[in-house]
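One structure, pasted below without further comment.
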Amino acid sequence: MRKTIFVILVVSSAIFISCDDNLSPKTPFTEQYALYCVLNTDTTYQTAYISKSYDVEGFDPLTNTTDPALEGADIRIRVNGQAVYNFTETTTARTDTSRYKTPVKYYELNNLKINDNDRIEIWASLRNGKILWSYTQAPPNSLLYFETATREYFPSVTAPQTLDIKFGWTILGSQYGDKVFYFYPQLELVYSKADNPGKLYRKIVPKMISASSGSVINPTVTSNKTAYFYYEAIVKAFEVISEGDPQKSNYIIHNAEFTLLFLDRYSASYMASASTFRDEFSMRIDAPDYTNIQNGYGVFGVYSNKKVKVNIARTFINSFGYRLGQ
Amino acid sequence: MRKNFTLFTFMIILLFYCHANRNVLYAQNTIKVSGVLSDSTNGEILPFGTVFIPELNRGITTDTRGIFLFTGIPAGKTITIIFSYVGYITKRIVFEKPEGDRTSLKIKLSPLPVDVSEIVVEGERLKKNNAPVISLEKITAKQLASLPKIVESDVLQYLKFSAGVQSTGDASARYYVRGGANNQNVVLINDATVYNPYHAMGIFSAVDPEIVSSMEFYKGAYPTEYSGRLSSILNITTKDGNKVKMGGQAAVNLLSVKGLIEGPMSGGSYMISGRKSISPQIVKKFLNDKDYPFDFYDFSFKVNYANKEMFRDAKFTIHGFFSKDNLENNNPLKPDFMWANNILGINYFQLNGSLFYNVSVNYSRFDGKITPNLTLSKESENVVDDVTARIDLRYVQESKNELDIGLKIQGVKSRLITKNAAGLLLDSHRKGTGLSFYIKYLILYYEFMGIDIGSRINLTRMTGGGASGTLEPRAIITWRLSPEVAVKAASGIFRQDFVSVSDENEVIPLFEPWLITPTYLNPSSSIHYSAGIETEFIKDVFINVDGYYKTSKDIAIINEKKILPTDHDLVNGKSEAYGMEVVFRTNQDDFNINSAYSLSWATNEVYGVKYTPRFYSKHNFNIAVDYDLGGGWKASMAWIYTSGTPFTQTKGFYNRLTTNATFSDNLILQNYSQIAMLGDRNAAFLPDYHRLDLTISKQVNIDFVKLFIDLSIINVYNRKNIFYFDRKTGERVNMLPFLPTFTVKAEI
């Protein structure tokens, strides 16, 4: 009897033979929209871009070759609850036509000047009646100053033993004492090649080189008011310029240029979210994403940039076999 | 807090005092009978054995040390004590009019012969006790070995057969209890915390089943003496070692080779065990044939010393447990991983009259490390040093009631060294001391009822921040309506001030650092409510039905919206879980069936958004049958079914602005990447999971060597259970396919 029960249980369990499952990795597609508009306080010319979501057969989004840019939207900016500015629709030629053949469609605005602490709202009314909305506040760009310790010559003349490059900046105004601001520091080498000296190239200098892995580590969004670029990283950037090319003297180094982006919280968050990464064993199901657009995706933010030119010593440039430009 | 504590202590003392009067009455004409139940062949203690006095209609079970204590036995009256244990010959001892204050017994039971398939056990229907216990599973080494083996018996895989326990699949021994996250469970080995009880990314348990004597698994509303986790406690007691003669075991299977030696020593016994992986090939089967060159070992020992001349009824124990896993790819383009546990502990136990003393000091260290080599993985290291000292006192009154008092001091240093997204080294170094004690009163005087009421009193918070004095009151009641039926209920508050940073969105988390809860978060707390009914209308057919409701707040959850370096790594979340569990069990002489079904609901809430956790499955059913075919042959089968776990669907794609450079160029001329748009979090469900496993075993005795041969087939009908769905490639990754395995073990 007991043996019979055992056999019955085995057999009855085995009837669950492997079969196809009803797995639906996708939910029914509904069109959604992404709005990108990051205002530059250094200019009155601003741009915006709206695209719609799309679906494809399978899971490779690159198989979609229809430009998802959205036309016919009414995009408006309101500053401090009063002045309203309207974007107009325009196009420009596409340089890379490998995926989309049509011109790039976007929106532009020619007369918007952003001042410190302006509260700015954006509305995008789509043809189907949907409204994308967001707001932000401009950072106090006019109060951003580089500190005197900021390097304008490399290697340092006054302290040649200091091989790293440090940049420092501050926000004037006692009302901003404890307030957190966001920055994105970037250092680029500006160079040209002997065969076409009029064309300038730029090479991004990493922040540092990982001691353990040797991989380059780039700067990211920070709330610190200093940025260091370490000697090893600078050397690495110089080496990479001519990697694989034995004719080192064909490379003409003009200078380095430090750019500091001063970001509002939303554009800072957006930039930071784009630079997160995971290790290859951490098979994460869902990727992090960030948006501050209500009813949609994308980002609405404000930024400004300040630049510092850094001259580089001829002896240092020559040590790589390069030449100093004018 | 002080007012509540004073009130509570007063109440306990009042209860104690009220029952003291009964003690006076009892003590005048009663004696105590205590003892240890053990295996006659090797002296190994027999936990959870049954001890019954028919003349008094009183029964109790031995504890994890095999110890029992009867108080209030009438002096001068002849009594019979019956000792029984599954797989052993029942023993009766008759006391002719016992006198004196106390009698101490050492009872040795003989195992049933291997070739006996039908035996007759003495037929008394043991009286069910009134112990106030709920949501507890007591698991013996024999039960552990009775299930079909996934390569070999596994301590944590066994838990998946418990009602209310969920897992995310074959490739993980991680378990989730009643809607709680994996880091809300603690695994204790001889009372010491094992911070990472896994081998090979969590596929197997780090605790070798051969060293296990017994396990107590509390799934919720656990009693006052346990603390520190919101969901469950798994307390593993290791074997003492052969007290009769020197012996040993050696075993080999597709995963590992291992050995164990044990034997008597002056005044005690010892046990030393070691296990080493021999091939990563079997691991590939768990991971969709991907190559993960795991290498691991574990080593443990236990030495017991009991000198009657020095201490009567006392035992001194030193134990150790060491495990280490390496994943070394020998490829600079892949990262390497390491994690290790090092545990050392001492324990002193004594039964003095009616008073149990237990003093223990345990040191547990966890090390975890990621070496990125030339990859973009973050170089990280986590070290936890935990020194825990505890004193537990149990006083058993003549009226059978018990007063328990205990003190626990836990000093922890946690250090997490990692790099943030900017590549900057972060060194988070915290240390703290948790000081708590508990008091509880166990009312067992009434034959129809048992009550366990008490509270933990936390005098400090480990981080030093926030409210430092907190109570964790708990109560459990059992009401026996008839010999066949008992109803139970329990409630309690539980706190946790130590978290692992685990991301539920990672299918296989390799690095789960443990941290003292940061001061910017409140310690997690949970309230459990449980109620149930247990029945045995038919002899040896047990049915237990439990319901539970659990809410938790201030759970430390990874801040998925952490974007800026200034954002906190963890945020507080909430959770709610409720459900019903049915357990069916019958233990016949040669035939056992264990089956469990649970129906559950669970939600997490963070950032004000509710979602079902990744490990959640609404329906869980399993049935395990083992059958003694006689002549040394045994067969077992297990079938598991769980409804699909949730996942987040893709609802389309959009082009996302890539801002890896600057905003300085015209925005629209910059690059866009293609991003999957996600549907509501965990709103869809993967297909159901089910699997049938079979094992057939043969024991052969060759002279003094016992040879055990197990042949197992995992996933007999080759069910293609989905592990996860890769959103980027559309690839469906399945779990274990049809897989035959074997184990050969020799024992002398």
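The values are calculated or read from the model by the stated rules, or taken from the named source; none is laboratory data. For clarity, every value in this text was computed on a predicted model and none was experimentally measured. All Cβ positions, even for glycine, are placed from backbone atoms using ideal geometry, and neighbour counts span all protein chains on display. We work out accessible area using only protein heavy atoms, side chains counted, and drop any ligands, DNA or RNA first. Shrake-Rupley method; radii C 1.70, N 1.55, O 1.52, S 1.80 Å.
Among the residues of segment A:222-238, write down those that are open to solvent by 40 Å² or more (accessible area, probe 1.4 Å), more than 9 Å from chain B (Cβ to nearest Cβ) and either farther than 14 Å from A:Leu163 by Cβ or part of a strand (DSSP E or B) (or both).
Residues satisfying the conditions are A:Lys225, A:Thr226, A:Tyr228.
Are any of the residues in segment B:24-47 on the phi > 0 side of the Ramachandran plot and surrounded by fewer than 19 Cβ atoms within 10 Å (Cβ to Cβ)?
no
Can you list residue pairs whose Cβ atoms sit under 6 Å apart, with the first residue in segment B:671-682 being free of Cβ contacts under 8 Å to residues at least 40 places away in the same chain and the second being in a strand (DSSP E or B) and of a type in the set (S, T, N, Q)? Count only pairs 6 or more apart in sequence or on different chains.
Partner pairs satisfying both residue conditions: B:Tyr672/B:Asn655.
Moving on. Would you check which residues across segment A:31-62 are of a type outside the set (A, V, I, L, M, F, W, C), within 27 Å of B:Ile722 (Cα to Cα) and loosely packed, with under 13 Cβ neighbours inside 10 Å and list them?
Residues satisfying the conditions are A:Glu57, A:Gly58.
Given the conditions (1) open to solvent by 50 Å² or more (accessible area, probe 1.4 Å); (2) modelled with pLDDT of 90 or more; (3) over 13 Å from the mean Cα position of the chain (by Cα), which single one is not true for A:Tyr266?
Result: A:Tyr266 fails condition (3) only.
Within segment B:185-210, work out how many residues are part of a strand (DSSP E or B) and under 16 Å from B:Thr237 (Cα atoms).
Number of matching residues: 8.
With the structure loaded, tell me whether B:Val625 is within 14 Å of chain A (Cβ to nearest Cβ) and open to solvent by 20 Å² or more (accessible area, probe 1.4 Å) or whether it fails that test.
no
Look at segment A:190-221 and say how many of its residues are more than 19 Å from the chain's Cα centre (by Cα) and more than 7 Å from every other protein chain (Cβ to nearest Cβ).
The number of residues fulfilling the criteria is 14.
A further question follows. Within segment A:307-326, track down each residue that is surrounded by fewer than 12 Cβ atoms within 10 Å (Cβ to Cβ) and in a loop (DSSP other than H, G, I, E, B).
Result: A:Ser319, A:Gln326.
B:Gly353 fails exactly one of the following numbered conditions: (1) under 30 Å from B:Tyr441 (Cα atoms); (2) at pLDDT 90 or above. What is the number of that condition?
Only one criterion is unmet by B:Gly353, namely (2).
Does segment B:705-725 contain any residue that is farther than 26 Å from B:Gln649 by Cα, under 28 Å from the mean Cα position of the chain (by Cα) and surrounded by fewer than 16 Cβ atoms within 10 Å (Cβ to Cβ)?
Within segment B:705-725 (the criterion being farther than 26 Å from B:Gln649 by Cα, under 28 Å from the mean Cα position of the chain (by Cα) and surrounded by fewer than 16 Cβ atoms within 10 Å (Cβ to Cβ)), the answer is yes, since at least one residue qualifies.
So, B:Ser552, is that one among the small types (Gly, Ala, Ser) and farther than 19 Å from B:Val609 by Cα or not?
Against the criterion (among the small types (Gly, Ala, Ser) and farther than 19 Å from B:Val609 by Cα), B:Ser552 does not qualify.
Conditions (1) outside any strand (DSSP E or B); (2) under 30 Å from B:Ile391 (Cα atoms); (3) open to solvent by 20 Å² or more (accessible area, probe 1.4 Å); (4) of a type outside the set (Val, Ile, Thr), marked per residue:
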position: B:Ala163; (1), (2), (3), (4): yes, no, no, yes
position: B:Ala173; (1), (2), (3), (4): yes, no, no, yes
position: B:Gly180; (1), (2), (3), (4): yes, yes, no, yes
position: B:Asn183; (1), (2), (3), (4): yes, yes, no, yes
position: B:Glu216; (1), (2), (3), (4): no, yes, yes, yes
position: B:Ala221; (1), (2), (3), (4): yes, yes, no, yes
position: B:Glu225; (1), (2), (3), (4): yes, yes, yes, yes
position: B:Lys243; (1), (2), (3), (4): yes, yes, yes, yes
position: B:Val252; (1), (2), (3), (4): no, no, yes, no
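Another one. So which strands (runs of 3 or more DSSP E) are wholly in segment B:526-616 and hold at least 1 residues that are open to solvent by 60 Å² or more (accessible area, probe 1.4 Å) and of a type in the set (D, E, K, R)?
Passing ranges, in order: B:541-558, B:570-587, B:609-611.
How many of the residues in segment A:65-79 are open to solvent by 20 Å² or more (accessible area, probe 1.4 Å) and at the interface with chain B (Cβ under 9 Å from one of its Cβ atoms)?
Count: 0.
While we're on this one: Of everything in segment A:31-81 that's among the charged types (D, E, K, R) and assigned to a loop (DSSP other than H, G, I, E, B), which residue is nearest to A:Val302 (Cα to Cα)?
A:Asp42
Wholly within segment B:665-748, which strands (runs of 3 or more DSSP E) include no fewer than the required count, namely at least 1 residues that are of a type in the set (Lys, Arg) and more than 9 Å from every other protein chain (Cβ to nearest Cβ)?
B:689-702, B:705-714, B:739-747
If you go through segment A:44-70 one residue at a time, how many are among the hydroxyl-bearing types (Ser, Thr, Tyr) and under 20 Å from A:Trp133 (Cβ atoms)?
4
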